[in-house]
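J.: Let me give you the structure first, and then I'll get to my questions.
The values are calculated or read from the model by the stated rules, or taken from the named source; none is laboratory data. Because the structure is a prediction, the values reported are computed rather than measured. A quick note on method: Cβ atoms are made from the backbone with ideal geometry, for glycine too, and the neighbour counts reach across all protein chains shown. For accessibility, only protein heavy atoms count, side chains too; no ligands or nucleic acids. Shrake-Rupley method; radii C 1.70, N 1.55, O 1.52, S 1.80 Å.
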Amino acid sequence: MVYYVKRGVVPEQRHTYDDRNHIQKEELFGLRAFDGRYSLLYHKFDPAEVESTEVEYREILSPVDLIEHRHLRTGELGKLDNFYTGRQVLFFNSSTSTGIIDTDANTDEYFRNALCDEVFFVQSGSGAIQSPFGILKFRAGDFIYIPKGTTYRATMNERSFFFFTISTDHIDIPAGYMNGYGQLKEGMPYYSRDIQIPEFVEPEDKIGEFHVRVDYGHYYLHTIRHYPVFDLEGYDGYLYPFSINIDKFAPIVGKLHMPPPVHTVFESDHFMIGAFLPRLFDFHERSIPVPYYHNNIDSDELIFYSSGNFMSRKGIGEKSITMHVHGMIHGPQPGVVEKSIGAQKTDEVAIMVESYKWLLPTEKAESIKDKNYQYSWKSEK
């Protein structure tokens with residue numbers, strides 16, 4: 001849960017009006033029917049108005065049914081379409097998909113994901129996410145969170161590259177980071193003041209033709225409305241888009257190697273998203289800085305490599321993705337443990353998705369994989 005926000009003009013009390021001659025159109029924007037996190041949105045026009053609809057069926061993702069450790073060089077994929085339709089899914093399961101966006105294209109079309117919460121890590125570029133809540137500017141290093149059901153328009157200032165995770169599971173700030181009053185606790189990697197919310201702007205009031213692409217998974221519903229999409233006169237509550245930049249994070253370090261959960265940024269029922277960031281290494285006099293070998297018995301570990309020196313892996317570069325699969329041991333490659341002794345710090349930036357529901361690679365992922373990666377733990381003689 002993020003903090004309570006109130007912006008613009010809202011009635012003195014919920015479900016009432018202040019001016020009989022100007023009754024705002026109140027919308028409950030909420031999760032889990034009426035029992036989850038929510039905001040109340042006050043529109044100038046009817047938010048349910050739709051003039052026409054059209055269905056566009058999407059290509060169904062085809063999985064590659066081969067379990068093996070993988071290394072993908074995502075920079076080889078190149079630009080593809082816009083922020084909405086240019087999502088190149090590389091791994092997925094029944095609830096979650098993850099991949100990359102590489103685009104400099106803008107469109108006047110609006111977008112709404114009806115099924116999934118969305119999290120984007122901005123690898124490079126800049127721009128803005130405009131929604132009824134206002135304008136949320138983004139830059140390299142931002143995590144952008146957009147709750148399901150949000151209508152928005154993404155604008156690129158330049159060519160921009162994103163690593164994304166979208167899911168029908170609700171994505172949230174880790175429950176363990178919060179105290180009983182809903183505040184982020186002391187000692188966490190980030191705090192409430194590090195969270196950026198949209199800059200609220202005056203509502204649009206020009207009648208026209210507004211195209212909204214609604215994502216329903218296997219198909220898009222194209223809708224046209226005449227009332228403006230960004231007509232919000234005010235809102236209050238706890239559910240809205242926000243961003244956090246990794247520059248604000250304070251990574252947790254210890255005397256001995258700290259496991260991945262201490263680097264969690266977001267969590268859901270079936271996965272967590274973490275960030276490995278520049279930090280000091282362990283201060284035990286005989287510490288081994290690199291991660292120890294581990295067997296993902298019931299989870300898959302996907303890592304997007306953003307920048308820096310990736311001490312535990314060889315042959316990895318910017319925009320690489322590795323997938324270390326359930327049931328197969330992995331860890332530092334031969335010789336890495338010995339070379340790491342005495343290292344004081346790391347400058348790596350890497351984003352991890354630890355999925356407790358197995359992720360399957362797509363055919364696109366298979367097309368850019370390093371065919372020799374599975375054997376990168378082969379003994380050096």
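J.: Please pick out the residue among Thr168, Thr155, Thr150 that is in contact with a Ser or Thr (Cβ under 6 Å, 6 or more places away or on another chain) and closer than 19 Å to Leu232 by Cβ. So that I can check it myself, show each step before the final result.
T.: On the way: Thr168 fails: closer than 19 Å to Leu232 by Cβ; Thr155 fails: in contact with a Ser or Thr (Cβ under 6 Å, 6 or more places away or on another chain).
Every option except Thr150 fails the conditions.
J.: Restricting the stretch 276-302 to residues that are within 21 Å of the chain's Cα centre (by Cα) and open to solvent by 20 Å² or more (accessible area, probe 1.4 Å), which is farthest from Ile101 (Cα to Cα)?
T.: Pro278
J.: If you take the residues in the stretch 168-185 that are under 14 Å from Thr264 (Cα atoms) and among the small types (Gly, Ala, Ser), which one is most open to solvent (accessible area, probe 1.4 Å)?
T.: Within the stretch 168-185, the match that is most open to solvent (accessible area, probe 1.4 Å) is Ala175.
J.: May I ask you to say which residue of Leu40, Leu28, Leu72 is of a type in the set (A, V, I, L, M, F, W, C) and within 22 Å of the chain's Cα centre (by Cα)? Don't jump to the end; show me each part of the working.
T.: Values: Leu40 fails: within 22 Å of the chain's Cα centre (by Cα); Leu28 fails: within 22 Å of the chain's Cα centre (by Cα).
Unique residue meeting the criteria: Leu72.
J.: Let me ask something else about it. Which ones in the stretch 108-142 are closer than 24 Å to Ala275 by Cβ and in a loop (DSSP other than H, G, I, E, B)?
T.: Hits for the stretch 108-142 are Cys116, Gly125, Ala140, Gly141.
J.: Taking the criterion of being in contact (Cβ under 8 Å) with a residue 60 or more places away in the chain and either surrounded by fewer than 21 Cβ atoms within 10 Å (Cβ to Cβ) or part of a loop (DSSP other than H, G, I, E, B) (or both), would at least one residue in the stretch 99-107 satisfy it?
T.: Among the residues of the stretch 99-107, not one is in contact (Cβ under 8 Å) with a residue 60 or more places away in the chain and either surrounded by fewer than 21 Cβ atoms within 10 Å (Cβ to Cβ) or part of a loop (DSSP other than H, G, I, E, B) (or both), which makes the answer no.
Yes/no per residue for (1) in a strand (DSSP E or B); (2) buried (at least 20 other Cβ atoms within 10 Å of the Cβ); (3) at pLDDT 95 or above:
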{"position": "Ile144", "(1), (2), (3)": "yes, yes, yes"}
{"position": "Gly149", "(1), (2), (3)": "no, no, yes"}
{"position": "Phe161", "(1), (2), (3)": "yes, yes, yes"}
{"position": "Ile166", "(1), (2), (3)": "yes, yes, yes"}
{"position": "Gly187", "(1), (2), (3)": "no, no, no"}
{"position": "Asp205", "(1), (2), (3)": "no, no, no"}
{"position": "Arg213", "(1), (2), (3)": "yes, no, yes"}
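J.: For Gly274, all conditions in the list (1) more than 17 Å from Ile246 (Cβ to Cβ); (2) touching a strand residue (DSSP E or B) at 6+ places or on another chain (Cβ under 7 Å) hold save one; what is the number of the exception?
T.: For Gly274, the exception is condition (1).
J.: Among the candidates Glu363, Glu318, single out the residue that is touching a helix residue (DSSP H, G or I) at 6+ places or on another chain (Cβ under 8 Å), open to solvent by 10 Å² or more (accessible area, probe 1.4 Å) and touching a residue at least 24 places away in the same chain (Cβ under 8 Å).
T.: Sole residue among the options that is touching a helix residue (DSSP H, G or I) at 6+ places or on another chain (Cβ under 8 Å), open to solvent by 10 Å² or more (accessible area, probe 1.4 Å) and touching a residue at least 24 places away in the same chain (Cβ under 8 Å): Glu318.
J.: With the structure loaded, tell me whether Glu76 is modelled with pLDDT of 95 or more, acidic (Asp, Glu) and either open to solvent by 10 Å² or more (accessible area, probe 1.4 Å) or closer than 18 Å to Ile197 by Cβ (or both) or whether it fails that test.
T.: So Glu76 fails the test.
J.: Is there a residue in the stretch 332-342 that is at pLDDT below 90, among the small types (Gly, Ala, Ser) and part of a loop (DSSP other than H, G, I, E, B)?
T.: Yes, because at least one residue in the stretch 332-342 is at pLDDT below 90, among the small types (Gly, Ala, Ser) and part of a loop (DSSP other than H, G, I, E, B).
J.: Taking the condition of being touching a residue at least 60 places away in the same chain (Cβ under 8 Å), in contact with a Leu (Cβ under 7 Å, 6 or more places away or on another chain) and either over 28 Å from Thr151 (Cα atoms) or open to solvent by less than 10 Å² (accessible area, probe 1.4 Å) (or both), how many residues in the stretch 243-272 meet it?
T.: Going through the stretch 243-272 one residue at a time, the tally reaches 3.
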